[in-house]
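Chemist: Below are the structure tokens for one structure; questions will follow.
The values are calculated or read from the model by the stated rules, or taken from the named source; none is laboratory data. Every value quoted in this text rests on a predicted model; they were computed, and no experiment measured them. Backbone-built Cβ (ideal geometry, glycine too); neighbour counts: all protein chains shown. Areas reflect the complete protein model, heavy atoms only, side chains present, ligands, DNA and RNA absent. Shrake-Rupley method; radii C 1.70, N 1.55, O 1.52, S 1.80 Å.
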Amino acid sequence: MEEMNMWALCMTAVVVSFLGFAVENLWICLTKGYMDNRNMCLPFLVGYGMAMSGLLILLGTPQNPCFLGLPLPLENERLHRPLYFMGAMLCVCAGEIALGKFVERTCHFYWWDYSKIPLHITRYTSLPTSTLFACAITVFMDHVLAPLYGYFLSWDSESLRAAAIVMTLLLTEDFLYNACLMYQRQGMVRRWRVDMPRFNLDRNFTRC
């Protein structure tokens with residue numbers, strides 16, 4: 001994997017952190033009928049940005065898959081995306097289980113629970129949700145990452161560095177502060193909630 005601009009990568013991770021916040025709220029809106037702050041003060045989930053950076057280092061991109069920076073010896077380019085998808089899916093499963101178990105053992109509550117979803121693997125991951133995440137990751141890394149990264153590269157270098165430092169510090173501080181609150185309270189940190197029952201697909205299907 002070619003050397004990347006650290007500041008542009010940080011800003012790309014910031015955007016991914018916001019997208020993670022939006023995706024999670026869309027999911028709970030459709031399945032539970034509400035939206036909330038997802039345990040944070042700011043509308044960002046820094047774990048998604050960190051995961052994107054980690055996957056970039058671990059797997060590369062669908063066009064140029066690798067393992068820990070070493071290119072995979074694949075002559076057939078048609079195998080690139082399917083293998084990348086499988087690698088992303090395994091990473092999602094492992095990451096969700098590890099994070100869920102860690103929070104359960106340290107904070108003594110279930111941060112999320114997929115037990116009601118068919119083909120779940122523990123309460124923290126499932127084949128359907130991991131498949132959806134892996135599809136989204138593969139599409140993003142294949143079609144969105146390069147243009148987004150290129151957009152930030154087009155910024156003035158001083159402005160890019162300042163924005164990346166400020167946003168990274170804010171998101172990191174937000175995460176650490178709320179992680180400490182979750183540990184102290186042994187539960188969620190909810191600051192706001194907007195009920196949207198009309199979008200609750202689970203309830204609507206139950207009525208049918």
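Chemist: Which residues, counting only those in segment 27-38, are within 23 Å of Q184 (Cβ to Cβ) and either touching a Leu at 6+ places or on another chain (Cβ under 8 Å) or of a type in the set (F, W, Y) (or both)?
Modeler: Across segment 27-38, the qualifying residue is only R38.
Chemist: Restricting the search to segment 6-23, which residues are open to solvent by less than 50 Å² (accessible area, probe 1.4 Å) and within 14 Å of the chain's Cα centre (by Cα)?
Modeler: Within segment 6-23, T12, A13, V14, V15, V16, S17, G20, F21, A22 qualify.
Chemist: Here is a further query. Just to check your reading of the model, which residue among L59, L83, L45 is touching a residue at least 12 places away in the same chain (Cβ under 8 Å), surrounded by 14 or more Cβ atoms within 10 Å (Cβ to Cβ), under 16 Å from the mean Cα position of the chain (by Cα) and more than 30 Å from C180 (Cβ to Cβ)? Walk me through how you get there before you give the answer.
Modeler: On the way: L83 fails: under 16 Å from the mean Cα position of the chain (by Cα); L45 fails: more than 30 Å from C180 (Cβ to Cβ).
Result of the check over L59, L83, L45: L59.
Chemist: Among the residues of segment 22-42, which ones are in a loop (DSSP other than H, G, I, E, B) and in contact (Cβ under 8 Å) with a residue 24 or more places away in the chain?
Modeler: G33, N37, N39, M40, C41, L42
Chemist: Sticking with this one: What helices (runs of 4 or more DSSP H) lie completely within segment 92-186 and have 2 or more residues being in contact with an Asp or Glu (Cβ under 9 Å, 6 or more places away or on another chain) and closer than 20 Å to L55 by Cα?
Modeler: 127-139
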